[in-house]
Amino acid sequence: MKYFVCNFKNKLVKDDIVRYNNRLSEIESKKVKLVIVPSLPFLAFFDKNGYSIGSQDISSFMDKTITGEVTGEQLKSLGVEYVIVGHSERREYKHEINIDFINKINNAIESGIKVIYCIGETLKDKEEGNTYMVLEKQISEVLNNVEVKNIIIAYEPVWAIGTGRIPQVKEIKDTVEFIKDIIEENYDTRLDVLYGGSVNKDNIASINAIKCVDGFLVGGASTSIDSLESLLLEIEK
Ligand code: PGA
């Protein structure tokens, strides 16, 4: 069963969230493992009836009292099963770096929360032919320092996020295979790999047809319940 992870980012307000949750109960998602990842204040609004919830963040600190942080223990107490770590927007705008990702992953794993670790090349990396090198570095510099279990990789080309542009199907397939292979070589385990970046109803079927892709991390197109429904219908076909 493929993952379908809905990353709301900082979109939607309380009324939207309540409506979204109500409609979720009508949606059949038999073919996917649905994970809803709202802004932190709205985690408790989701009833988890037939789907899971994930957090967009977790504290990188352990055993410290810090204003504005949320711990793995707190997330766990809300029934959170997944946390997104390493998203390119956090890398770019919050200047998060490997040590933050390592600490966040360790905190999540310690609390029994699965990690969706995001990696991806920029347009410059791609144009300079450095995609594989960049991905390998993002993997090794973090995974060498954590326990490699309960981690799902999300391959999200930075240039594809929120732009309406996606790589060719063959490129996605080759890159996901590359990611799986180097992880297997170095850590002796096969991790699930999701694709993220401008997934929409026109391209989801072709991405879904790629066998090695274990699911989707969807931003913009998941923030409307009608759009979510049409994406799921495309997968059911
Ligand atoms: P997008 O975002 O689907 O809006 O491109 C994906 C993501 O950033 O996770």
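The values are calculated or read from the model by the stated rules, or taken from the named source; none is laboratory data. Predicted, not measured: the structure shown is a model, and the values here were computed from it. Methodologically, a virtual Cβ is constructed for each residue, glycine included, from the backbone with ideal geometry; neighbour enumeration extends over all protein chains shown.
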Quick one: which helices (runs of 4 or more DSSP H) sit completely within the stretch 1-118 and have at least 2 residues that are among the β-branched types (Val, Ile, Thr) and more than 17 Å from the chain's Cα centre (by Cα)?
14-24
Restricting attention to the stretch 148-167, the residues that are touching a residue at least 40 places away in the same chain (Cβ under 8 Å) and more than 10 Å from the ligand (Cβ to nearest atom) number exactly 7
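Considering only residues that are surrounded by fewer than 15 Cβ atoms within 10 Å (Cβ to Cβ) and assigned to a loop (DSSP other than H, G, I, E, B), which ones fall in the stretch 119-129?
First, the residues of the stretch 119-129 that are surrounded by fewer than 15 Cβ atoms within 10 Å (Cβ to Cβ): 123-124, 127-129.
Scanning the stretch 119-129 gives GLU128, GLY129.
Every residue, every condition in (1) out of contact with any Phe, Trp or Tyr (no Cβ under 8 Å at 6 or more places or on another chain); (2) surrounded by 17 or more Cβ atoms within 10 Å (Cβ to Cβ); (3) on the phi < 0 side of the Ramachandran plot; (4) at pLDDT below 95, yes or no:
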site	(1), (2), (3), (4)
ILE183	yes, yes, yes, no
GLY196	no, yes, yes, no
ASP202	yes, no, yes, no
ASP214	no, yes, yes, no
SER224	yes, no, yes, no
Could you list all residues from the stretch 1-33 that are more than 22 Å from LYS211 (Cα to Cα), touching a residue at least 40 places away in the same chain (Cβ under 8 Å), within 16 Å of the ligand (Cβ to nearest atom) and not hydrophobic (A, V, I, L, M, F, W, C)?
ASN7, LYS9, LYS11
Need the failing condition index for THR189 against (1) over 18 Å from the mean Cα position of the chain (by Cα); (2) crowded, with 17+ Cβ neighbours inside 10 Å; (3) among the β-branched types (Val, Ile, Thr); (4) within 30 Å of LEU75 (Cα to Cα), just the number.
(2)
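Identify the residue in the stretch 168-177 that is without any contact (Cβ under 8 Å) to a residue 12 or more places away in the chain and assigned to a helix (DSSP H, G or I) and, among all such residues, is nearest to the ligand (Cβ to nearest atom).
Our first condition is that a residue be without any contact (Cβ under 8 Å) to a residue 12 or more places away in the chain; within the stretch 168-177, this holds for 168, 170-171, 174.
Keeping just the survivors that are assigned to a helix (DSSP H, G or I) gives 170-171, 174.
Details: LYS170: 20, GLU171: 16, ASP174: 20 Å.
That would be GLU171.
Go through the stretch 182-200 and give me each residue that's more than 12 Å from the ligand (Cβ to nearest atom) and in contact (Cβ under 8 Å) with a residue 24 or more places away in the chain. Let's see the steps before the verdict.
Here is the first cut: in the stretch 182-200, the ones more than 12 Å from the ligand (Cβ to nearest atom) are 182-193.
Across the stretch 182-200, the qualifying residues are ILE182, ILE183, ASN186, TYR187, THR189, LEU191, ASP192, VAL193.
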Which residue is farthest from the ligand (Cβ to nearest atom), if the candidates are limited to the stretch 201-237 and must be closer than 24 Å to ILE182 by Cβ, out of contact with any Leu (no Cβ under 6 Å at 6 or more places or on another chain) and aliphatic (A, V, I, L, M)?
ALA209
Looking only at residues that are of a type in the set (Asp, Glu) and touching a residue at least 24 places away in the same chain (Cβ under 8 Å) in the stretch 226-237, which one is surrounded by the fewest Cβ atoms within 10 Å (Cβ to Cβ)?
GLU236
Residue pairs meeting the criteria (Cβ under 6 Å; at least 6 apart or on separate chains; first among the polar types (S, T, N, Q), in the stretch 116-142; second part of a helix (DSSP H, G or I)):
THR122/VAL158; THR131/ASP125
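Yes or no, residue by residue, for (1) farther than 21 Å from VAL199 by Cβ; (2) touching an Asp or Glu at 6+ places or on another chain (Cβ under 9 Å); (3) away from the ligand (no atom under 16 Å from the Cβ); (4) at pLDDT 95 or above:
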site: VAL35; (1), (2), (3), (4): no, yes, no, yes
site: PRO38; (1), (2), (3), (4): no, no, no, yes
site: GLY54; (1), (2), (3), (4): no, yes, no, yes
site: SER60; (1), (2), (3), (4): yes, yes, yes, yes
site: ASP63; (1), (2), (3), (4): yes, no, yes, no
site: GLY86; (1), (2), (3), (4): no, yes, no, yes
